[in-house]
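Visitor: I have a structure I would like to understand better, so I am pasting it below and will then ask my questions one at a time.
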Amino acid sequence: MFDDLKQQLSNITARLSGRGFLNEKHINQACNEISDALLESDVGIDMIDSLINKVKQKAAQTKIYESLSPHQTFIKLVKDELLLFVGNGQNDINLKGQPPVPIMLVGLQGSGKTTSAAKLAKSIADSKKNVGLVSCDTYRPAAKDQLQILVKGNAKITFYDIAEPTPKLILENAMISARRDFLDVLLIDTAGRVSIDNEMMDELKELHQLALPKEVFFVVDAMMGQDALDSARVFSRTVPITGIVLTKADGDAKGGAALSAQFVTQAPIKYIGIGESVDDLKKFSPTQMVSEILGMGDMLGLIEKAEKNLDTKKAQKLAKKLSQGKGFDLEDFKMQLSQLESMGGIGSIFEKLPAHLRSRVPIDKMNAIDNSRFKKMKVIIDSMTAEEKHFPNLIKSSRKKRIAKGSGTEVQDVNQLLKMFVQMQTGMKKIKNKKSQNSISSMLDNFRG
């Protein structure tokens, strides 16, 4: 998501950074280019005009032209204003109140609302809450089956399959059952339509008056484009939207719908769906999204992924070993390869880095990376003796032939591994300065398919 927008804004900021100074003409030109980029990404014109006017006002007030680093000051202004638009406040779900706390999901048919209800139930259940789940959709019987299948087997989630003719009667029974079962939360999946009609809106009003939910989540498909604006307006006039769940954010959607829906409803984006699995729902981070859009990378996402996948005990053990002056050997190298694999490979890490760091490595180098080489390298290391792993300098011609034969590879593969090993020993010391570009590029050459 936002791929086109990220590329365009990255180009704009790159042009600004190339200037030694900025004048009013440069700022106006950059604002016009940002406006065009947002418009092409399906962001609503009202939001664009409001954003650009505020950026221009702030640029004049802060005397951006006189600052020591005008392009960085300007980019920070854009970032700060975007954060205000997407909601930089409290994005946590509100579960305060007399249990079972009602949470309602609304949206058009096909937006991913029912799947999001199951994902949200799983997310809340993971926080040690007892969750009730009910479908008030009497028009699509498959919605009940879908919910039941998605949450089946989770002891923390109770699905209420209530056979009543109207949504109101279904909800009344579910609320009684949830209180009887001493549940903490009751999630209410409402009916959707292919298009908005008065009957659906009247039904939502009735359900809202009955449940008085603490949260009303508007579920919107990231691929909807400008249609998201119209539906967001109608839903927000019918029931008080308190948050947005953005679905299909893992696709190639332009992403403007996310910004537009938030601007229209004045409700923060609280969750984003990033896949088909019931676990593929994550809390929305405004700072993370805006940083990505402006080419500042997804460092928060990278840190979260590292915390989830990396073996911290092994990492701490290696850090302690190196701090004691002990050498980095091939066993350590193998462990590092495994850690990279658990992070999704070099490419996955690379795409989360800020644009100015990504630009140090030619794109053709990244495209040529073959992560399957990680497995091959580990097999080669496993074919070595303990002595060879601890003292790689012992590995000469005859040993290389034996290792290649034992691992089912070629001597050339063994040579590439040893070259990569030496570069990892020394390359990390240089990575903070500009001289590291050649070192990084040559290191990546070893992962070509």
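The values are calculated or read from the model by the stated rules, or taken from the named source; none is laboratory data. For clarity, every value in this text was computed on a predicted model and none was experimentally measured. Every residue, glycine among them, receives a Cβ derived from its backbone with ideal geometry; neighbour counts consider all protein chains shown.
Visitor: Taking segment 124-148 as the search range and keeping residues that are modelled with pLDDT of 85 or more and among the aliphatic types (A, V, I, L, M), which one is farthest from Pro213 (Cα to Cα)?
Guide: Among those that are modelled with pLDDT of 85 or more and among the aliphatic types (A, V, I, L, M), it is Leu147.
Visitor: Considering each of Phe21, Phe74 in turn, give the residue that is at pLDDT below 80, farther than 17 Å from Ser260 by Cα and crowded, with 19+ Cβ neighbours inside 10 Å.
Guide: Phe74
Visitor: If I ask for residues that are among the small types (Gly, Ala, Ser) and closer than 20 Å to Ala191 by Cα, which ones from segment 113-134 would you list?
Guide: Ser116, Ala117, Ala118, Ala121, Gly132
Visitor: When segment 378-409 is examined, which residues are found to be surrounded by fewer than 18 Cβ atoms within 10 Å (Cβ to Cβ), charged (D, E, K, R) and over 21 Å from Leu340 (Cα atoms)?
Guide: Selection gives Glu387, Lys396, Arg399, Lys401, Arg402, Lys405.
Visitor: Further question on the same structure: Name the single residue, out of those in segment 397-417 being part of a helix (DSSP H, G or I), among the polar types (S, T, N, Q) and within 42 Å of the chain's Cα centre (by Cα), that is nearest to Ser383 (Cα to Cα).
Guide: Only one residue tops the list, namely Ser407.
Visitor: When segment 158-203 is examined, which residues are found to be touching a Lys or Arg at 6+ places or on another chain (Cβ under 7 Å), surrounded by 15 or more Cβ atoms within 10 Å (Cβ to Cβ) and without any contact (Cβ under 8 Å) to a residue 24 or more places away in the chain?
Guide: Met200, the sole residue that qualifies.
Visitor: While we're here: Filter segment 214-234 down to the residues that are over 13 Å from Ser260 (Cβ atoms) and surrounded by 23 or more Cβ atoms within 10 Å (Cβ to Cβ), then identify the one that is modelled with the lowest pLDDT.
Guide: Val219
Visitor: Quick check on my filter: what residues within segment 258-274 are surrounded by fewer than 21 Cβ atoms within 10 Å (Cβ to Cβ) and either at positive phi or of a type in the set (S, T, N, Q) (or both)?
Guide: Result: Gln266, single match.
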